[in-house]
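The next block holds one structure in the form of structure tokens; read it before the comments.
The values are calculated or read from the model by the stated rules, or taken from the named source; none is laboratory data. Bear in mind that the values here come from a model prediction, so they are computed numbers and not experimental data. Note that each Cβ is placed from the backbone with ideal geometry, even for glycine, and that neighbours are counted across all protein chains shown.
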Amino acid sequence: MAGTPHTFFIEADDAPGVLSRVAAVFAARGANISGIQMLSSAEGRAAMTIEAEGDTDPARLVEELLALSVVHRVAREPSLMSVYGKRVIIIGGGAQVGQVAVGAISEADRHNIRGERISVDTIPLVGEQALAGAVRAVARLPRAKILVLAGAIMGGEITEAVRAIQGQGLKVIALNMVGSVRDVADLVVSDPLQAGVMAVMAIADTAKFDIARQKGRRY
């Protein structure tokens, strides 16, 4: 598994200490857990996906997980990165979000046909607090690579939230709107369709577009 994440879907008892016992199996085999997602549980069981990487035999890991009395089923699955890929997140006003999404989806389709994997997620929101909270949460979303802020006015706490996620390595594109967000964004684009297109180009391996070279520019 060296260098390549492998995903394991696990059904186990829904009880304290189960996760630590499962994690101990990965540690004993020298596999580094790179991601865990807890899923909905039913009939006293918990479901989870674990992504791990390391120089070990994944089939052997499955055998040792099944040997635990608390584990009922283990299946290997494709990684979420290989299925859904990098994520473009679009947040803001409904009409603007929709137009950015049209541009992003159209451009993602063009790259995905060529073997890329890029998905687009949107949420229309209003209000400074709600928007700032959503922006900060982007840093906790798995596989999120770039954020597009689409609205008519954004500033204050939203701007501080943008600075915070930029410090965590995320890139931010903003529409050319009123407010201080456009002063801190990595790129400002007036046309929402074009903003969506450029967001996808910025994270696609199959595109020649370096957003770092566009820092502070407005289009």
Hey, among Ser41, Ser20, Ser69, which residue is within 26 Å of Ala144 (Cα to Cα) and out of contact with any Pro (no Cβ under 8 Å at 6 or more places or on another chain)? Ser41
For the range 20-45, which positions are farther than 23 Å from Met81 by Cα and under 24 Å from the mean Cα position of the chain (by Cα)? Ser41
What is the one condition in (1) over 21 Å from the mean Cα position of the chain (by Cα); (2) surrounded by fewer than 17 Cβ atoms within 10 Å (Cβ to Cβ); (3) not in a helix (DSSP H, G or I) that Glu63 does not satisfy? (3)
Restricting attention to the range 36-56, and to residues there that are surrounded by 12 or more Cβ atoms within 10 Å (Cβ to Cβ) and not aliphatic (A, V, I, L, M), which single residue is nearest to Ala12 (Cα to Cα)? Arg45
Glu116 vs (1) buried (at least 18 other Cβ atoms within 10 Å of the Cβ); (2) outside any loop (DSSP other than H, G, I, E, B): all pass except (2)
Looking at the range 77-88, can you tell me whether even one residue there is without any contact (Cβ under 8 Å) to a residue 12 or more places away in the chain, surrounded by fewer than 17 Cβ atoms within 10 Å (Cβ to Cβ) and closer than 21 Å to Ile203 by Cβ? no
Quick check, is Pro142 in the same structural domain as Ala161 (by TED's automatic domain parsing) and under 30 Å from Val25 (Cα atoms)? yes
Among the listed residues Val189, Val181, Val200, Val172, identify the single one that is in the same structural domain as Gly98 (by TED's automatic domain parsing), surrounded by 18 or more Cβ atoms within 10 Å (Cβ to Cβ) and more than 17 Å from Ala101 (Cα to Cα). Val181
Subset of the range 1-54 that is part of a loop (DSSP other than H, G, I, E, B) and over 19 Å from Val70 (Cα atoms) - its residue that is modelled with the lowest pLDDT: Met1
